[in-house]
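Beneath this line is the structure, given in structure tokens, with notes to follow.
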Amino acid sequence: MKRITIIICALTAICMTICAQQKQKEYKKTKTLVAYFSATGVTKAAAEKLAEVTGSDIYVIQPKVPYTDADLNWHNKKSRSSVEMADPTSRPAIKGKVEKLNDYDTVFIGYPIWWNTAPRIINTFIEANNLKGKTVVPFCTSGSSSIKNSAEELKKAYPSLKWKDGKRLNGISKKELQSWIKGM
């Protein structure tokens, strides 16, 4: 009888431990959002691949007034993108808002590099959403620039956010993405 009681107590203890560990795992699950702005579709493709690899939700950062080809003509100093980028205080209006932002623990923010930095619409997105307490990871696409300057400028502009090192995702494979994510 004493042996049976000991066995029952041991099994109960084991079951309680397993249940507690399972609960702990449930609480440790994180929810991730990939938010991105794409002017020509290149950043969109990178964001979709990143979301697939990470199992993340996607949010498209859309300008209230869409950019035209003329707006994106960086050779024209009077084009909309040139004017916005020449003014560090420019904050192009965005459409919509992230639903249930509080549900996310990590937010990847993607953008094309404009003038060696993030487009001003990224500042609009960050300032319109409370990202405090979340892990924020920038990613970019670019014909030749690295993410270094844009990421440093974002970190400097928003020092209270918990930033992780970002990455340029041009032509990156799923395997390379997985390796980057695991290395965080």
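The values are calculated or read from the model by the stated rules, or taken from the named source; none is laboratory data. Model, not experiment: these values are computed from the prediction. All Cβ positions, even for glycine, are placed from backbone atoms using ideal geometry, and neighbour counts span all protein chains on display. The protein model used for the area step is the full one, side chains on, heavy atoms only, and it has no ligands, DNA or RNA in it. Shrake-Rupley method; radii C 1.70, N 1.55, O 1.52, S 1.80 Å.
Using R₀ = 25 Å, calculate the FRET efficiency as 1/(1 + (r/R₀)^6) where r is the Cβ-Cβ separation of Glu48 and Ile181; round to 0.05. Efficiency at R0 = 25 Å is approximately 0.95.
Distance from the Cα centroid of region 66-97 to that of region 135-184 is 22 Å (rounded to whole angstrom).
What does the net charge come to around Val137 if you take all other residues with beta carbon closer than 13 Å to its beta carbon, with K and R at +1 and D and E at -1?
Net local charge, Val137 excluded: +4.
For the pair Ser173 and Asp103, label points projected 7 Å from Cα toward Cβ lie 3.4 nm apart.
Taking a threshold of 32 Å on the Cα-Cα distance, which of the pairs Lys132/Lys182; Lys77/Lys132; Lys78/Lys182; Lys64/Lys156 fall above it?
Details: Lys132/Lys182 23 Å; Lys77/Lys132 35 Å; Lys78/Lys182 43 Å; Lys64/Lys156 26 Å.
Listed pairs above 32 Å: Lys77/Lys132; Lys78/Lys182.
Got the relative contact order for region 37-142 handy, in percent, Cα pairs under 8 Å and 6 or more residues apart?
On the way: 128 pairs, mean separation 30.9, N = 106.
Over region 37-142, the number comes to 29 percent.
Normalised by the number of residues in region 107-169, the average gap of Cα pairs under 8 Å and 6 or more apart makes the relative contact order 41 percent. Placing a pseudo-label 7 Å from each Cα along the Cα-to-Cβ vector at Lys164 and Ala70 gives an inter-label distance of 4.2 nm.
Averaged over residues, the count of other Cβ atoms within 10 Å places the peptides 59-68, 93-102, 161-170 in the sequence 161-170, 59-68, 93-102, highest first.
Residues with amide H under 5 Å of Ile94's amide H, sequence separation 5 or more or different chain, H placed in the peptide plane at 1.01 Å from N; which? For Ile94, the qualifying residues are Lys64. If R0 is taken as 22 Å, the Cβ-Cβ distance between Thr40 and Lys95 corresponds to a FRET efficiency of 0.75. Computed over protein heavy atoms with a 1.4 Å probe, the carbon and sulfur contribution to the accessible area of region 123-184 reaches 46%. 3J(HN,Hα) couplings calculated from phi for region 121-136 with the Karplus curve 6.51 cos²θ - 1.76 cosθ + 1.60 (θ = phi - 60°) are, in sequence order, 5, 5, 4, 4, 4, 4, 6, 8, 10, 7, 9, 4, x, 9, 7, 10 Hz; Gly and Pro show x. Derived scalar couplings between HN and Hα for region 74-89 equal 6, 6, 9, 5, 9, 5, 4, 5, 5, 5, 4, 6, 6, 10, x, 8 Hz in order, rounded to whole Hz, by the Karplus curve 6.51 cos²θ - 1.76 cosθ + 1.60 (θ = phi - 60°), x for Gly and Pro. Here each label is just a point 7 Å from Cα along the line to Cβ, and for Glu152 and Ala86 those points are 2.5 nm apart.
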